[in-house]
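Scroll down for the structure; my scribbles are underneath it.
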Amino acid sequence: MTIAPRGLEQTAPEIEQVARRYAVAVSPHLLSLVDPADPADPIVRQFLPSAEELNTLPEELPDPIGDAAHSPVKGIVHRYADRVLLKAVAVCPVYCRFCFRREMIGPQSISGQDNALSPRDLDAALAYVAAHPEIREVILTGGDPFILSPRRIADITQRLAAIGTVKIIRWHTRVPMVDPARVTDELVAAMHAPGITTWVAVHANHAREFAPEARAAIARLADGGIALISQSVLLKGINDDVESLAALMQAFLANRIKPYYLHHPDLAPGTSHFRLGIEDGLALMRALRARVSGLAIPAYMLDIPGGFGKVPLESDHLEKTATGHRVRDHAGRWHDYPG
Ligand code: SF4
């Protein structure tokens, strides 16, 4: 589905160009949340394509967080010793315009990737986890793993639990906010298995995403015994003011989701219009601390470009330089960062 944002109709050919390069999809639920009276609508800005996406900067990278450097078998990213990512699908019900994996996800015609791991690739990925008993936690991501049927979610859950050394399964998803009807009691039941604890990280970036349908979907997860944490991206023009951030974090808490990570936006291609400077982010975090309860404070994180891992920015991992910043990874190596 290709949609030209309101007010940008004159750029329709450019929007078509964006849609040929990056996946575009918006759910009917999200469209129902658009406020036609709001010229800076955070739903429009997050999900509807813009000609600004055709502007790729030299520092932007097709694989900004360096997944490929840590992928021993298809579908697995093993960056930290005790946990892996399991990328079971390469598609999402909607496509965020700032997505850090935008070069790797979407319909096969755009991403060049299969929509999901084949049965053989899934077998190989699970065999890798079984062969590494140091892996305690498996993080299902993609794409959005909640696009899978409850039957396939149950299959993955049961097989991971049967390994014995995996104790935590964490699902990273945007579905409760963007397509809440997919969160059924059947899906919630599918995520449970003996011997494992199930966590869900819910991705939302603005309090406006907490529609009644989304709140009901989150309640089904919480009532179903799933532990909930948040993930958000700090985005220019969407949540880069303290009132928007406070409202977002308070909405998470009110819905039984512990604010966990606020990501500094990654250097994904064609997303510079969403990025702000690290100093701006640090100032916002200071203002947020003065504004809300400690329970509502997420960690402000940067994924170091190139696959060197995630570090907290409000820490001694960060130093200012003449041209931007440098960040220290967990192995003690310093990396320049242009922002
Ligand atoms: S839901 Fe996640 S993987 Fe899918 S487009 Fe949004 S950020 Fe990217």
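Only the coordinates and a few stated rules stand behind these numbers; no lab work does. A quick note: this is a predicted structure, and the numbers were derived from the prediction, not measured. Note: ideal-geometry Cβ built from the backbone for every residue, glycine included; neighbour counts use all protein chains shown.
Residues that are surrounded by 18 or more Cβ atoms within 10 Å (Cβ to Cβ), in contact with a strand residue (DSSP E or B) (Cβ under 7 Å, 6 or more places away or on another chain) and over 29 Å from V129 (Cα atoms) do occur in segment 80-103.
Within segment 178-206, if we keep just the residues that are touching a residue at least 40 places away in the same chain (Cβ under 8 Å) and among the aliphatic types (A, V, I, L, M), the residue that is nearest to V138 (Cα to Cα) turns out to be A201.
I'd like to know if segment 121-137 contains one or more residues that are more than 30 Å from S32 (Cα to Cα) and under 13 Å from the mean Cα position of the chain (by Cα). No; the residues of segment 121-137 include none that is more than 30 Å from S32 (Cα to Cα) and under 13 Å from the mean Cα position of the chain (by Cα). Scanning segment 167-186 for residues being buried (at least 21 other Cβ atoms within 10 Å of the Cβ) and either among the β-branched types (V, I, T) or more than 21 Å from Y260 (Cβ to Cβ) (or both) gives a total of 6.
Conditions (1) more than 17 Å from the chain's Cα centre (by Cα); (2) closer than 30 Å to D67 by Cα, marked per residue:
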site	(1), (2)
A216	yes, no
A222	yes, no
L228	no, yes
V233	no, yes
K236	no, yes
Y261	no, yes
P269	no, yes
H273	yes, yes
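Filter segment 41-64 down to residues that are part of a loop (DSSP other than H, G, I, E, B) and in contact with a Lys or Arg (Cβ under 7 Å, 6 or more places away or on another chain) and give me whichever is farthest from the ligand (Cβ to nearest atom).
First, pick out the residues of segment 41-64 that are part of a loop (DSSP other than H, G, I, E, B): 41, 48-50, 55-64.
Next, only the ones that are in contact with a Lys or Arg (Cβ under 7 Å, 6 or more places away or on another chain) stay: 49-50.
Working: P49: 12, S50: 15 Å.
Filtering segment 41-64 for residues that are part of a loop (DSSP other than H, G, I, E, B) and in contact with a Lys or Arg (Cβ under 7 Å, 6 or more places away or on another chain), the one farthest from the ligand (Cβ to nearest atom) comes out as S50.
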